[in-house]
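The values are calculated or read from the model by the stated rules, or taken from the named source; none is laboratory data. Since the model is a prediction, treat every value here as computed from it, not as a measurement. Cβ sites come from the backbone with ideal geometry, for glycine too, and all protein chains shown count toward neighbours. Accessible surface areas use protein heavy atoms only, side chains included; no ligands, DNA or RNA. Shrake-Rupley method; radii C 1.70, N 1.55, O 1.52, S 1.80 Å.
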Amino acid sequence: MHALFEEAGKFLAGRILSETDSSAQIELDTGKRVKVKTAHILIKFEKPAPAEFMAQAQAQADGIELDLAWEFAPEEEFGFAELARDYFSENATLAQQAGTLLALYDAPHYFRRAGKGRFRKASAEILQQALAAIEKKKLVLAQIDEWAAQLGRGECPAPVREQLYKILFRPDKNAPEYKAVVEASRATHLAPLDLLQRAGAIDSAYEFHWKRFLFDNFPKGTGFPALAAPQPPQELPLANVQAYSIDDSQTTEIDDALSVQGLGTGVVTLGVHIAAPGLAIVPGTPLDQLGRNRLSTVYMPGYKITMLPDEVVQVYTLDEGRANPAVSLYVQINEETLEFIASETRLERVPVQINFRHDRLDHIVTEEWLADPALEVEGTPAALQEKRSEFSFLHRLAKHLKAQREVVRGKPETFNRPDYNFRLANSAGGEPTGHEQVQITTRKRGAPLDLIVAEAAIVANSTWGNLLAEHGVPGIYRSQASLAPGVKVRMGTKALPHAGIGVKSYAWATSPLRRYVDLVNQWQIIACVRHGKTAALAAPFKPKDADLFAIISSFDTAYSAYNGYQAGMERFWTLKYLQQNAITEIEASVIKEGPGGSFLVRAETLPLVLPVLGAQGLPRGARIKVRLGEIDEITLDVNGTLIERLDSPEASAGAAAAGAEEEVAEDEDDAVAGPIAIAVDMNETDTTTPPAP
């Protein structure tokens, strides 16, 4: 005797070995023996063998017209054998009954299951809806097949092109566009990104990186809503100074300016003047929300996305020839010893005499020019010559402050690598296309003008950080517990030491037009100046304010993404520079061991880190010549092969020792490009099979 039974949603047949009132021991064709409850046995039969019986049943099921079976089915609950007798004949065979069971079970849109072998037919309305859904799914599946075939032929369907970045990085895995890419990738045995490149979905590498960044960070675009900038207060006192800023020529958001008074009197007053949008922009207003959503200006070669609209920036920026509101820090300094005597913060309007541009002045303002008043450089602007004694004092002060901080740090700051500046020669000021001619120039780190601006900013940020703490007003601080490897800079609301800079506390407050945390801190500083000891009650953000923690979290995420994109685009243009200038060989120095038996090296005259094969056994600092391989503009990847070593072992040992400290501190800069992480999962179960009709 044999039996057909249901087991875990499947129908099986086998030989009955033994049977009781409640269960039976059944042997399957595979030899496996299973214990089956009597209630789960739906048909018993003598002949044929179980496998043949199931084949006959399936053949009967395939021939059943479901529409006709639905018409025959009674309105009340029924068993499969009853319907088989109504559909086939009163003497329906066991194979026909089993076929009816299989057909009913596989058609849940026609018949709802009501128990073991029992069913109830769906209402006419529900059936029509189900059949329409099935037909729609068939059309979708046909569309997926058509799109997949197009991709396989190297053609990109418009809907796939339109959703390219969503498919790759944040897909709806039930969307037909996504499934078409997966299906085509499987059929062609190409990685999804390679498939889409071959199909022409990516017009250019630059556009790919740009649109991916916008998709992740600016899904609604980079445009600004129409918002009027509140005018700065005019009742503020006018400062009795002639201030000047020092920035790059491309800087339009001029946040800071400096002034010097009292040279030759024994007590010099340094003024650090910061643009004060916080005096007009009110927390919680639409303009504030705009800044809070963006959190920072985004920089990249040849272009930038500003935190605030340009028409708003122009109201508060410290342009020359105007007296704009500023939060000013005045520090009295002993002219001989350079010791600080006192400091004061004021809210005022500051006349800005000139906006100096360091990229036009670095060749003039050298350490020699600052130290020797008799040294003349042809082409020195009159305005610069007028401020020469002030710049000399500021440079002497900056070197003194840096040396003091290095005592606190416990070791000197090193600037062995240059800064690299990118200029897109053919750019007309709009969004780059990726085809512009790129120029890469170097600028020595710690150049006099850089040092002056950097040390003035550290004085302001550390002084105001301490001011907030003294008044019990929370701020957003940057701190670093120590210079030990792996101890990173963190943001928080407590005034903690910053070991990397060597100060008691450090709160970003000198770039309120470019960074939202600086604007937040400026509001808090303004409250301290206006309200003194009661500032904690009047400040926009109170101690343990959840809003501050939310701002820190959002800023950390956005700032990291923006910096990552800037680094990626600088690498893109560096690779373009190699192509445009037909550079196939470079000189580099070994950094450390890399992946896959390669070694990471740093180019000596370009901002480029890359893996090189054949450099095994070479120590850090060894100078080598490298032959460059093929450049991949999508992954921003390039590899190299060792040609020859350029230095002696003794020289590289000395270079390694001299640069080891800086290399350890900047290991994060050593990351190189590699495969792009996409969200297309080729290992998912294929769900494109249409349902049974």
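The residue of the range 241-283 that is farthest from Tyr330 (Cα to Cα), among those that are assigned to a strand (DSSP E or B), of a type outside the set (A, V, I, L, M, F, W, C) and in contact (Cβ under 8 Å) with a residue 24 or more places away in the chain, is Asp247. Condition (residue is surrounded by 14 or more Cβ atoms within 10 Å (Cβ to Cβ) and in a loop (DSSP other than H, G, I, E, B)) applied to the range 157-167: is it met by at least one residue? Yes, there is a match, as at least one residue in the range 157-167 is surrounded by 14 or more Cβ atoms within 10 Å (Cβ to Cβ) and in a loop (DSSP other than H, G, I, E, B). When each of Glu431, Glu376, Glu386, Glu436 is tested for being acidic (Asp, Glu) and open to solvent by less than 30 Å² (accessible area, probe 1.4 Å), the lone residue that passes is Glu436. Looking for something closer than 17 Å to Pro301 by Cα and either among the β-branched types (Val, Ile, Thr) or open to solvent by 40 Å² or more (accessible area, probe 1.4 Å) (or both) - is there at least one such residue anywhere in the range 580-600? Checking the range 580-600: at least one residue is closer than 17 Å to Pro301 by Cα and either among the β-branched types (Val, Ile, Thr) or open to solvent by 40 Å² or more (accessible area, probe 1.4 Å) (or both).
Selection of the range 608-618 for residues being under 34 Å from the mean Cα position of the chain (by Cα) and open to solvent by 40 Å² or more (accessible area, probe 1.4 Å) yields Leu613, Gly614, Gln616.
Checked against (1) of a type in the set (A, V, I, L, M); (2) touching a residue at least 60 places away in the same chain (Cβ under 8 Å); (3) closer than 26 Å to Glu339 by Cβ, Ile458 meets all criteria but (2).
Among residues of the range 222-240 that are farther than 13 Å from Leu308 by Cβ and in contact (Cβ under 8 Å) with a residue 24 or more places away in the chain, those with a Cβ under 8 angstrom from a residue that is part of a strand (DSSP E or B) and of a type in the set (Ser, Thr, Tyr), sequence gap 6+ or separate chain, pair up as Ala239/Ser259; Ala239/Ser328.
Of all residues assigned to the range 405-414, at least one qualifies as being farther than 19 Å from Thr269 by Cβ and free of Cβ contacts under 8 Å to residues at least 60 places away in the same chain.
The number of residues in the range 295-316 being open to solvent by less than 10 Å² (accessible area, probe 1.4 Å), out of contact with any Ser or Thr (no Cβ under 7 Å at 6 or more places or on another chain) and hydroxyl-bearing (Ser, Thr, Tyr) comes to 2. Restricting the range 393-441 to residues that are among the polar types (S, T, N, Q) and within 30 Å of Ile458 (Cα to Cα), the residue that is modelled with the highest pLDDT is Gln404. Does Lys179 satisfy the criteria of being open to solvent by 50 Å² or more (accessible area, probe 1.4 Å) and in contact (Cβ under 8 Å) with a residue 40 or more places away in the chain? For Lys179, the condition - open to solvent by 50 Å² or more (accessible area, probe 1.4 Å) and in contact (Cβ under 8 Å) with a residue 40 or more places away in the chain - is not met. When only residues in the range 18-74 that are small (Gly, Ala, Ser) and in contact with a Ser or Thr (Cβ under 8 Å, 6 or more places away or on another chain) count, which is most open to solvent (accessible area, probe 1.4 Å)? Filtering the range 18-74 for residues that are small (Gly, Ala, Ser) and in contact with a Ser or Thr (Cβ under 8 Å, 6 or more places away or on another chain), the one most open to solvent (accessible area, probe 1.4 Å) comes out as Ser22.
The condition of being within 30 Å of Gly321 (Cβ to Cβ) and modelled with pLDDT under 90 does not hold for Asp194. Output yes when any residue across the range 523-532 is under 25 Å from Pro232 (Cα atoms), of a type in the set (Gly, Ala, Ser) and under 30 Å from the mean Cα position of the chain (by Cα), and no when none is. Scanning the range 523-532 turns up no residue that is under 25 Å from Pro232 (Cα atoms), of a type in the set (Gly, Ala, Ser) and under 30 Å from the mean Cα position of the chain (by Cα). Here's a check for you: in the range 537-566, which residue that is under 22 Å from Pro301 (Cα atoms) and either small (Gly, Ala, Ser) or part of a loop (DSSP other than H, G, I, E, B) (or both) is most open to solvent (accessible area, probe 1.4 Å)? Selected residue: Ser560. Candidates Arg346, Arg360, Arg322, Arg423: the one that is surrounded by fewer than 17 Cβ atoms within 10 Å (Cβ to Cβ) and within 30 Å of Thr605 (Cα to Cα) is Arg360.
In the range 371-391, the residues that are under 17 Å from Gly264 (Cα atoms) and modelled with pLDDT of 90 or more form Cβ pairs under 8 Å with partners that are in a loop (DSSP other than H, G, I, E, B) and not hydroxyl-bearing (Ser, Thr, Tyr), at six or more places apart or across chains, as follows: Arg388/Pro373; Ser389/Leu263; Ser389/Pro373; Glu390/Leu263; Phe391/Val365. Among the residues of the range 598-631, the ones that are without any contact (Cβ under 8 Å) to a residue 12 or more places away in the chain and either farther than 30 Å from Ile678 by Cβ or assigned to a strand (DSSP E or B) (or both) come to 1 in all. Looking at Arg186, is it touching a residue at least 12 places away in the same chain (Cβ under 8 Å), surrounded by fewer than 19 Cβ atoms within 10 Å (Cβ to Cβ) and touching a Leu at 6+ places or on another chain (Cβ under 8 Å)? Answer is no for this residue.
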